[in-house]
Amino acid sequence: MISVVVLIVLLPFAAAVAGLLGSRWPRGGSRTKENDRAAARRAAWFAIAPITAALLLTLWLASWSARALPRGSASYPGAEFWAGLLPGSTEGTLTMVETGSVPISFTLRADGLSILIGVLVVVVALAVQVYSVGYMRDDPRHPSYSAFISLFTSAMLLVVYAGDLIVLYAGWEIMGLCSYLLIGHWWEDRANSRAAVKAFLVTRLGDVGFLFGIFTLGFAAGSFRIDDVLSADIPRGTLITATMLLLAGVAGKSAQVPLQTWLPDAMAGPTPISALIHAATMVAAGIFIVARLYPAFLGAQPTLDVLAVVAAIGMLGAALAALAQDDLKRVLAYSTISQLAYMAAGLAAGSDKAAIFHLLTHGAFKALLFLGAGAVIHHVGSNLMTHMGGLRTSVPITFAAMTVGFAALMGLPPASGFFSKDAVIAAIEHSHSPAQPFLYGAALLTVGVTGAYAMRAWLRTFFGPARVEALPEPPPGTAHVFDGREAPRSMLWPIGVLAVPALLLGFAGVTEVDWGSALVSLIVALLGAGVVYAFWRGAPHQDPARMLGPFRTACERAFYVDEAYRAVFARPVLRLARGVVRTDGQVVDGAVRGAGRLTMSLSGFVRLAQKGNAQLYVTGLLAGLLLITVAAVVLG
Amino acid sequence: MHIVYPVVVSALLFSIGVYGVLARRNAILVLMSVELMLNAVNLNLVAFDVWLRDRLHGGQVLTLFVIVIAAAEIGLGLAIVLAVYRNRQSIDVDRLRDLSETGASGEAGPPEEPVGVGEDADREARP
């Protein structure tokens, strides 16, 4: 059984290798249009076929797990929420690496949690790969692009199926690399490569903490295997330190306060990448790791309190920022931060089940929203909602799918978001955390703001007067051209397929709905949406964000966090760097150059003796010889 | 015969050679002085060889070597002197100071030697 897991992880990896090496072979050198097209076609096959196989294997694994009896030996202590759904679990160790102190074991494991997330990852990755065929049709670098997506998927699957913290960390880091490569796909534009570097550096900042958290846990437990770590008897102080350090990595990868700034900038990448990062791979990893190590986090209540505060600030701030953005993708990016904060809040409130449920539904509807936004952008040729409007008649399929997505985002029944968000809010309502009132207030407020920004984006994009105009020339780096039609079929299919789970996945949790809190949050969401609708109704030409009044600029700039970071971190570092350069140029280089100049001027004195008279030299030689002889005789 | 006689003779010879090398201006005389020094050494070698009763006669063998090398050296030296004379019409060692440091010899420059055709060619050939 473990070989299936190995295959699931390795298939996308093999796809990445094949796509990178084989797409242009054997005509690698010539970049004619026909060759580019042939390479893109071959790369698409290399990308889609293995991921489809991985999907089938994952589904098979899930069905096996659903039918298998729980085995006490290979499961975690305590009752997990997934035990009822997918009780079967398997674990296999490939090899042990003796490091001298704590051994590293190459262990993979598949249990209910990893299979659930694994299905999400593979489905979204497949949808993104198929979608990219249409979206990136004329991009000459499509082979490397799809290969990196495959590598990204493989890394996320490695994180999901890892049975050892070090193995998990390897996948974690490869994801960081892939996000850098993919966000900077259109690197010709300087802003895009800057965004890629920013994403890489900010997540790396968190990863440092994450690595040391792993070390702390591993050394305290005497093993890096997740089973051993969770069953080990670790003192509370160590546990708090370790989980706090892990939380830094979680904040970096899942874009939580204070490391959230990279995610909106990551919109510089192609839209399918945003869908992949936001729905399935990168940001889901942070929530997943907390759920994976949840028993350890439960033993460290202060960490959960910190997580609660971070989540409360993040969800409300990001939702307000989303309300004021004009770029459709940035609206969705801030909404991702906000929704991830919901999951973090669910975890902090003590319900990993609610958080993972929301992670799954969010993965479905956010991927749907991003792919739909990509189709809209493809159609309009601009990211800005100012250039959209009245699109519901010209792109009816995208409109219907995105309506489902927005409904799920707002939490309107019967879309999936309603059930999962209700689960999170009910968990917060019933938690005993000291931060509970704060968290609950923030969560309810955010529900209202979420309704408002989702409504605003929906209205601004699909309703009102059409502001679409054909752009004379697409700006460099964006391959979108206005063509006045619905997107190609390869883009519509993934959108349509993803709309199904976005609409129906919530019914998996229909039996556990807390109708009281669901009603409250539904009313709040409708209230937020209604306010926006009233403002929009008054003046359909104008942006409903004007209701924010003087706060609008602050929200649009995401409360000046980027500016603050620039002033507090970036500028002093730059100043320090300039100082170092000056020191290097003037002190170090100056010393070297000065040594040379000193030698030259000293040698000037010696050169005075070079008069060209050979007999003078011989005289000097003899005098020296005599001196040495006399010295040898006298001193020896 | 006591060792002191040949040693004194060779020391005198060597001193004459040193004086010649340091003080003579004619290149041929300088070469002759070098020969005197070499022969002083040869005398020493033979004398000590006899005095120490060396069974392998290392001193005498070495003398033969020195004589051979001296012959080669004087051949080479005279050829150089001949070539210099053809170029400059002079074999005055004091005046052959083209390799001097130009800046350093500025204050006590030697009188300009007569400029020959060969010298011009020589100067141009220099990089």
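The values are calculated or read from the model by the stated rules, or taken from the named source; none is laboratory data. Given the structure is predicted, the values throughout are model-derived calculations rather than measurements. No Cβ is skipped: glycine too gets one built from the backbone with ideal geometry, and neighbour counts run over all protein chains shown. Accessible surface is based on the protein model in full, side chains and every heavy atom, while ligands, DNA and RNA are left aside. Shrake-Rupley method; radii C 1.70, N 1.55, O 1.52, S 1.80 Å.
Some observations on this one:
- Among the residues of the stretch A:508-529, those identified as open to solvent by 90 Å² or more (accessible area, probe 1.4 Å) and not aliphatic (A, V, I, L, M) are A:Thr511, A:Glu512, A:Trp515.
- Set A:Arg582, A:Arg575, A:Arg571: member being of a type in the set (Lys, Arg) and surrounded by 11 or more Cβ atoms within 10 Å (Cβ to Cβ): A:Arg571
- The residues of the stretch A:438-461 that are under 26 Å from A:Ala400 (Cβ atoms), in contact with a Ser or Thr (Cβ under 8 Å, 6 or more places away or on another chain) and open to solvent by less than 10 Å² (accessible area, probe 1.4 Å), listed by number, are A:Val447, A:Thr450, A:Tyr453, A:Ala454.
- Flag if A:Tyr565 is assigned to a helix (DSSP H, G or I) and at positive phi: no
- Residues (in a helix (DSSP H, G or I) and within 19 Å of A:Gly390 (Cβ to Cβ)) located in the stretch A:530-556: A:Val532, A:Tyr533, A:Phe535, A:Trp536, A:Arg537, A:Gly538, A:Pro544, A:Ala545
- Filter pass, A:Val630 being part of a helix (DSSP H, G or I), modelled with pLDDT of 85 or more, within 57 Å of the chain's Cα centre (by Cα) and more than 14 Å from every other protein chain (Cβ to nearest Cβ): no
- Inter-residue pairs, beta-carbon under 6 Å, first within 8 Å of chain B (Cβ to nearest Cβ) and in the stretch A:602-615, second of a type in the set (Asp, Glu), 6+ apart: A:Arg607/B:Glu101; A:Gln610/B:Glu101
- Scanning the stretch A:266-293 for residues that are open to solvent by 10 Å² or more (accessible area, probe 1.4 Å) and among the small types (Gly, Ala, Ser) gives a single hit, A:Ala268.
- Test: residue in the stretch A:420-427 that is open to solvent by less than 10 Å² (accessible area, probe 1.4 Å) and of a type in the set (Asp, Glu): yes
- From the list A:Gly549, A:Gly530, the one residue that fits, being at pLDDT below 85 and more than 30 Å from the chain's Cα centre (by Cα), is A:Gly549.
- Qualifying positions in the stretch A:616-627 - under 14 Å from B:Val18 (Cα atoms) and either open to solvent by 100 Å² or more (accessible area, probe 1.4 Å) or more than 10 Å from every other protein chain (Cβ to nearest Cβ) (or both): A:Tyr617, A:Gly620, A:Leu621, A:Ala623, A:Leu625, A:Leu626
- Among the residues of the stretch A:391-440, the ones that are farther than 24 Å from A:Ala300 by Cβ, more than 27 Å from the chain's Cα centre (by Cα) and in contact (Cβ under 8 Å) with a residue 24 or more places away in the chain come to 9 in all.
- Scan of the stretch A:228-258 for residues that are at pLDDT 90 or above, within 19 Å of A:Ala162 (Cα to Cα) and either in contact with an Asp or Glu (Cβ under 6 Å, 6 or more places away or on another chain) or open to solvent by 10 Å² or more (accessible area, probe 1.4 Å) (or both), ordered by number: A:Leu247, A:Gly249
- Restricting the stretch A:187-227 to residues that are of a type in the set (Phe, Trp, Tyr) and buried (at least 20 other Cβ atoms within 10 Å of the Cβ), the residue that is nearest to A:Tyr161 (Cα to Cα): A:Phe224
- Residues that are in contact with a Phe, Trp or Tyr (Cβ under 7 Å, 6 or more places away or on another chain) and either modelled with pLDDT of 95 or more or in a helix (DSSP H, G or I) (or both) were ranked within the stretch B:1-53; the one that is farthest from the other protein chains (Cβ to nearest Cβ) is B:Ala40.
- From A:Ser89, A:Ser132, A:Ser146, residue being free of Cβ contacts under 8 Å to residues at least 40 places away in the same chain and open to solvent by less than 20 Å² (accessible area, probe 1.4 Å): A:Ser89
- Residue check for A:Ala308: in contact with a helix residue (DSSP H, G or I) (Cβ under 7 Å, 6 or more places away or on another chain) and either modelled with pLDDT of 90 or more or under 23 Å from A:Tyr161 (Cα atoms) (or both): yes
- Some residue of the stretch A:333-342 being of a type outside the set (Phe, Trp, Tyr) and not in a helix (DSSP H, G or I): no
- Qualifying positions in the stretch A:334-369 - within 21 Å of A:Pro501 (Cα to Cα) and open to solvent by 10 Å² or more (accessible area, probe 1.4 Å): A:Asp352, A:Lys353, A:Phe357, A:Leu360
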